[in-house]
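Enquirer: Pasting in a structure now, in structure tokens, and then I'll have a few things to ask.
The values are calculated or read from the model by the stated rules, or taken from the named source; none is laboratory data. These numbers come from a predicted model, not from an experiment. Counting neighbours? That spans all protein chains shown, and the Cβs are built from the backbone with ideal geometry, glycine included.
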Amino acid sequence: MQVLKAVITAAAPNQNTLPLQRLVDRNGEEKTALQLIVEETLSAGVEEIGVVIQPGDEENYRQAAGSSIGALRFLHQDHPRGYADALLRAESFCGDDPFLHLVGDHLYLSASQTSCASQLVAMACQHECSVSAVQSTREHRLPYFGIVGGNSIPRHEGLYDVRSVVEKPTPTLAEQELITPGLRSGHYLGYFGMHVLTPAVIECLHEVMNDPSHERPSLSDAAAKLVSRGKYLAYQLHGERYNIGYQYGVLIAQLAIGLSGRDRDYLLTELVELLAKRAEGNPIATAEQSTSSEGVDR
Amino acid sequence: MTIAMQTDPFIDTILAEDGDVRDRSLESLCEDQSLERLMEHAAALDRFRRDEDNLYRRVRALFFLSSLYRYHVPARFDGLGTGSIPFDGYEHLLGRRFQEAIDAFLKAQSQQGPSDALASALAQAYHELGFQTLADQVRHSVRTVRGNQWMFRLGHVAEHPLRLRRELDVLGNVDGVQPVLRETTAVRMDVSHSAWSDIFFLGMDFPQGARVVNVSVDLGVRGRDDCVRPPIETYLRVIDRPVFRLVSVDLGASTEVTTVAEMFDFARDYLGLLKAAVIASGVVPPGLEGCGSSMASLLERVVGRGRGLELVSKINDIPKGSRLAVSTNLLGSLISNLMRATGQIRTLEGPLTESDRRLVAARAILGEWIGGSGGGWQDSGGVWPGIKLICGQEAGPDDPEFGVSRGRLMPNHTVLEQDRVSDEARKKLQDSLVLVHGGMAQNVGPILEMVTEHYLVRGDAQWTARKEAMKIYDDVVEALCDGDIARLGELTTRNFEGPLQTIIPWATNRFTDTMIESCRSQFGKQFWGFWMLGGMSGGGMGFIFDPAVKQAAQDWLSVELVRVKRSLETALPFAMDPVVYDFAINDNGTSAELLRDENAGLPQKYYALMLPQWLRTPLRDLSPQTRGELSRISSRCSESGSSGLDASELLRSVLPTAKVNVGSDSGSENEPVEDSSLKEILHRNGFDRSQHEQIRESMRSGRFGLAANRLARDLKIADVESRHVTDTREGIDEKMVRMGAEAIAAGQVGVVTLAAGVGSRWTQGAGVCKALHPFHRFAGRHRSFLEIHLAKNRATSRRYGGVIPHVVTTSWMTDGAIRTALKENENYGHDGPLHISSGRSVGLRMVPMVRDLQFLWEETPQQVLDQQQQKMRESARSAIANWARSMGEGSDYTDNVPAQCVHPVGHWYEVPNLFRGGVLSRLIREQPALKYLMLHNIDTLGANVDPGLLGLHIDSGATLSYEVIPRRLEDRGGGLALVSGRPRLVEGLAMPDDRIEFGLRFYNSMTTWIDIDALLGAFGLDRKSLDDAVTVDKAVREMAARLPTYITLKEVKKRWGHAQEDVFPVAQFEKLWGDMTTLSDVDSRFIVTPMRRGQQLKEPSQLDAWNRDGGSDYVDSLCDWR
């Protein structure tokens, strides 16, 4: 199996401008989030990238894409019908080929020399099936992710055979159906925002779109069907992902990228100075207010 | 495990796989064993249970040990030997450190040798440890059910993983109305009553025996409701204030919870059940207890900034104690509602799926545990539709119980569809069964403990009965499937009269027996049977009739039940007047509906409850949502149909009425006292206002109080020596017996039965007349305390000849009831002279001082309760202290029925009352030979006119001879002591240190032999001056002044609403008869009698042990029944 195509979804209302944010990469170069995502994608050997966007956004995206524009094809989602529908906009782009899929509001930072996308694509090629990247997620973050329940595959560290997938489950359901042996108690496998999918998923996406019981179907709903269509794995890869859609998401992603790169010392010095200069006394907001802010994902 | 252990037959029984060996009864194992052998077995069992890993083997060994020490070891002492219980062991016992308590008692036993006192302490400690172990296991299982675990891990509101479904919050989009999620739920009735096999402990140890048929029903109260409907409705909606508002429209209670801590404060108000539901549903998970957060921050996370939730419950005024598991199903309904709203149950509307129902049932069990209450595992049956079989399940490898207990915590539910029970059969059941609430609301907790214990020690008769009940269950299912309701009636009656009463004789009572008898004589063969609904009878019950007479029977029952209740209400604790229900089988179980727009209303009674609060608040301070609500009320009043509101009821809720009489079933008798009637009662019954004011003054200033009751600490108090008592346990000199027998024959002795009290502990302050409570069946009928005492009198006079006049002393609270009962029952067939000595004085109870409450709770030894119950208790205590402060400490307690406000002033007064009321003078006139009286408490059932003891008293020439008995653990409240070198009785209230009481070997049974002339002499009176009222009054006042006054706290029940009860501790003063021994000029002696003779029945939980250890047989042998 070879993965030469990729799909990036960036059409969700309120999130369509996130890939246009500007950040500084590990080498100190200013880039847009879109460029960083595209670079991640290209690092895995992908040659063509379909970006699903709202129709009015194309011009902005073209400008934000920089030098990689040649690899990009823009696919329009005319109506905000949800995640599953957005992916289906790439149906003809993908054809019968497997594809790498990333979400447009996440940035990735590998913990090894190999990029996150490369790690995932390598795993998919080795096992010749759909593989979703996952990470161990504490139960209080269940309302934000698709969660995978599975069994670890012997002799393959971090690789799981997926048994079930539920989008944003309650902890009650998670405890009953999504426990994965080997994880700490209260921890589940949460989607990482990065998948290698085979064409079988397209059929599943169509099914969930036609199922009236799903109001706005997500990829998880389709992936839950994928489980019964053949081999479907989850891989806990070496790296971190940063959701730039949260409050302070861009700042935290920037710090993580900066601290792992060339300007680490400079950033640390600035941070220490900031901390040292902070006026004595209480922060303006109380601790309780800040902890309860919706969207801050700790 | 050593070989010696394995060869012990007791341990073999516990370990056996073979049912025949495992189910051997303890009795059969103990037969023919000597005391030494039994002690060896006990030691082996104790070693075994310390090493054994398996929970149920350990528990069974503990109950074997408890029964050995309670029943089998003491029987081999021959009533001899008095040991003392080490106080440190007792302290461990109170602190729930059972293991340490057992060690302390065993150590004392190895030093002093076995004794009755130590055996009673060990029995109690093993018993408590057994139940604690079982409770811990249930708690562990509840927590480890998958889907419940996460709630115990969550520690901070910022990590709350639940979010409210968006459909429930539409504010902000339009200025419309927030939708309301309404859940309607059935209640359940238990057809088979499979011998309480739904107790968790039984189901988990003996899953194959735990089976019930359980039917979900809709209800209506006959004559009140025009249709039957699911009795439980719960409502949830989003509100625009960041609080959790809880409302119970039936209890008329609402609160706004603003902190997480408040949600865990269950006894603070009447909304404990709603709070338990919020916690068990995971909205405020149990792990958050003690997190210190505000409710607003939690709600912001779950619902949204500035948003709150409102949860409303309504049970259509079904009275408490209906035995239909209303509270468990209400809990289930609330939990289901909240779980739907937070997406834990995927369907927002309609019925639940099987897996969701199981989840709700598991959470309801959790909720009951959190709320400190307890139901059976079948109780959430109302969540399931129609008729179902609920059966215990063996634990499999995937269950958390596997390897711990044989059965699972959660049973299996099999709904019987139309192919098993046809529509016709269902209709037949509905056409024959009359459901009623008999009006009694009793605590079934002690009964469930008794059942568990009987099961674990496999009592011979009880085990056979259980097997029979299991057979009856199969037949019940068959009869139900066949639609043969006549046979069903026959089976449920056989079950009730046979196995159920063999296991627990107190499953029935005279009220139930009378009703069954009445039905039989009224309807003959057309009365098909009686159906006990669970727990114990007297509350919810079923009567099965030929459909041809059902209507007539229903009408007749609604009158007859009330008539029989009236005749027994002074004797049995009724909480309300009986009601007859209409019912129908519910085929939905629990079901939900999202009410939107103009339909998004709450029940009528909700508005009646909230409207006055809203109108009192300035409009600008009301939230926009409430303002909107107010503006819609008027338009809804003009609508007709179900969504319309009754304007007149709303108007009544905001306007003052002459005398509020909302929600009381029982009419005027349960209304708080009107001033005039209380004044009149006090005036008529010799209430001494100036003494009352003096006592109040002394109480407020601290001169009187619980602390002041105690003797000075520097007094030397020690145990008596053998020369201070006459020990009769090894028999009495024949000469004395002859002397006594002659005195009886010559008519020299009379009996005084003290029956002025209402037995606060017997009915937890229900205020009925204890003397008249028909608590046990002797010679085929339930007999009351009074009836038993008269039967003993008859037996003695028949045996020795002569006439023994019998006096019953009464107080204002018991006088009318006792006179009526004696008249109606023609003195229970007693033909000897019977007099009633009416009380001459009453006191008025007072709101206690917080100082005294704190003294009671903190300074006196108190049994620590199981974890959750202890939390409940602490929360209730702070509520009671607040109540005392807000009512005014030391003020008159008048907020209840008169019988509960007025109190008898202590049993000391009952003797002088014989003088003042002229009863003694009449006795002497009628029977001039009369020289002696035997005075005894109403609950000292073994006391009779024993010729030997009378002979001893005559021979000693003493004024008063007090009977004392060897102390057991449960005999608290003072004893015989040497105070500054003089033997006297010291009341428990007066003990300067609780430790001292444990050094005293003898307990005062209160039975006293009185030399009439000597006692009159002590008062400065004689037979002649008895007729001079002025002299008698003066003598009594002078004597009273020489005796101490005690302040005591008594629990009284306040009844309200539909069989709801609150218990308040109130202060009263007392003078006690035992204090006559403090007077040096009164010659008092002390006689040690066997324990049986002085044993007192203070609490219904003692009944089982009293019945099993031969206490009831002993009493039976003393009586001559009519």
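Enquirer: If you take the residues in the stretch A:157-176 that are modelled with pLDDT of 90 or more and over 22 Å from the mean Cα position of the chain (by Cα), which one is farthest from the other protein chains (Cβ to nearest Cβ)?
Expert: Here the residue is A:173.
Enquirer: Also, quick follow-up: Of all residues in the stretch B:376-400, which are under 17 Å from residue B:199 (Cβ atoms), crowded, with 24+ Cβ neighbours inside 10 Å and not hydrophobic (A, V, I, L, M, F, W, C)?
Expert: Matches in the stretch B:376-400: B:376, B:378, B:379, B:380, B:381, B:392.
Enquirer: Go through the stretch B:224-320 and tell me which helices (runs of 4 or more DSSP H), entirely inside it, have 1 or more residues that are away from chain A (no Cβ under 14 Å).
Expert: Hits in the stretch B:224-320: B:260-263, B:272-280.
Enquirer: Also, quick follow-up: Does residue B:360 satisfy the condition of being hydrophobic (A, V, I, L, M, F, W, C) and in a strand (DSSP E or B)?
Expert: no
Enquirer: Quick check on the stretch B:1019-1064: of everything there that is assigned to a helix (DSSP H, G or I) and in contact with a Phe, Trp or Tyr (Cβ under 7 Å, 6 or more places away or on another chain), which residue is nearest to residue B:973 (Cα to Cα)?
Expert: Of everything passing the filter in the stretch B:1019-1064, B:1039 is nearest to residue B:973 (Cα to Cα).
Enquirer: Take residue B:425 and decide whether it is over 26 Å from residue B:538 (Cα atoms), touching a helix residue (DSSP H, G or I) at 6+ places or on another chain (Cβ under 8 Å), among the small types (Gly, Ala, Ser) and modelled with pLDDT of 90 or more.
Expert: yes
Enquirer: Looking at the stretch B:441-472, which of its residues are of a type in the set (A, V, I, L, M, F, W, C) and without any contact (Cβ under 8 Å) to a residue 24 or more places away in the chain?
Expert: Those that are of a type in the set (A, V, I, L, M, F, W, C) and without any contact (Cβ under 8 Å) to a residue 24 or more places away in the chain: none in the stretch B:441-472.
Enquirer: Quick one: residue B:139 ticks every box in (1) within 14 Å of another protein chain (Cβ to nearest Cβ); (2) among the charged types (D, E, K, R); (3) surrounded by fewer than 17 Cβ atoms within 10 Å (Cβ to Cβ) except a single one, so which number is it?
Expert: The single condition residue B:139 does not satisfy is (1).
Enquirer: Give the stretch B:1065-1107 a look and list any residue that's part of a strand (DSSP E or B) and either under 16 Å from residue B:989 (Cβ atoms) or among the hydrophobic types (A, V, I, L, M, F, W, C) (or both), or say none.
Expert: Hits for the stretch B:1065-1107 are B:1065, B:1066, B:1067, B:1068, B:1069, B:1070, B:1086, B:1087, B:1088.
One line per residue, one yes/no per condition, for (1) within 29 Å of residue A:118 (Cβ to Cβ); (2) part of a strand (DSSP E or B):
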site	(1), (2)
A:215	no, no
A:220	yes, no
A:237	yes, no
A:240	yes, yes
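Enquirer: Restricting attention to strands (runs of 3 or more DSSP E) lying wholly within the stretch A:1-56, give those where 1 or more residues are buried (at least 23 other Cβ atoms within 10 Å of the Cβ).
Expert: Once the strands (runs of 3 or more DSSP E) in the stretch A:1-56 are filtered for at least 1 residues that are buried (at least 23 other Cβ atoms within 10 Å of the Cβ), what remains is A:5-9, A:48-53.
Enquirer: Ok, one more. Residues that are away from chain A (no Cβ under 14 Å), modelled with pLDDT under 90 and more than 25 Å from the chain's Cα centre (by Cα): does the stretch B:90-99 have at least one?
Expert: no
Enquirer: Check A:138, A:89 and return the single one that is in contact with a His (Cβ under 9 Å, 6 or more places away or on another chain) and within 14 Å of another protein chain (Cβ to nearest Cβ).
Expert: A:138
Enquirer: May I pose another question? Within the group B:209, B:220, which residue is out of contact with any helix residue (DSSP H, G or I) (no Cβ under 7 Å at 6 or more places or on another chain), small (Gly, Ala, Ser) and under 30 Å from residue B:194 (Cβ atoms)?
Expert: Only one candidate qualifies: B:220.
Enquirer: Of (1) farther than 23 Å from residue B:348 by Cα; (2) crowded, with 18+ Cβ neighbours inside 10 Å; (3) of a type in the set (A, V, I, L, M), residue A:183 satisfies all except one. Which?
Expert: (2)
Enquirer: Scan the stretch A:111-124 and give yes if some residue there is in contact with a strand residue (DSSP E or B) (Cβ under 9 Å, 6 or more places away or on another chain), crowded, with 23+ Cβ neighbours inside 10 Å, in a strand (DSSP E or B) and away from every other protein chain (no Cβ under 14 Å), otherwise no.
Expert: No, the conditions are met nowhere in the stretch A:111-124.
Enquirer: Could I ask something else about it? Would you be able to say whether some residue in the stretch B:97-120 is closer than 30 Å to residue B:259 by Cβ, touching a Ser or Thr at 6+ places or on another chain (Cβ under 7 Å) and not in a helix (DSSP H, G or I)?
Expert: Within the stretch B:97-120, not a single residue is closer than 30 Å to residue B:259 by Cβ, touching a Ser or Thr at 6+ places or on another chain (Cβ under 7 Å) and not in a helix (DSSP H, G or I).
Enquirer: Would you confirm whether any residue within the stretch B:595-611 is on the phi > 0 side of the Ramachandran plot, touching a residue at least 12 places away in the same chain (Cβ under 8 Å) and out of contact with any helix residue (DSSP H, G or I) (no Cβ under 8 Å at 6 or more places or on another chain)?
Expert: Among the residues of the stretch B:595-611, at least one is on the phi > 0 side of the Ramachandran plot, touching a residue at least 12 places away in the same chain (Cβ under 8 Å) and out of contact with any helix residue (DSSP H, G or I) (no Cβ under 8 Å at 6 or more places or on another chain), which makes the answer yes.
Enquirer: Ok, one more. When you go through B:38, B:106 one by one, which is the residue that is in the same structural domain as residue B:123 (by TED's automatic domain parsing), of a type outside the set (Phe, Trp, Tyr), modelled with pLDDT of 90 or more and surrounded by 19 or more Cβ atoms within 10 Å (Cβ to Cβ)?
Expert: B:38
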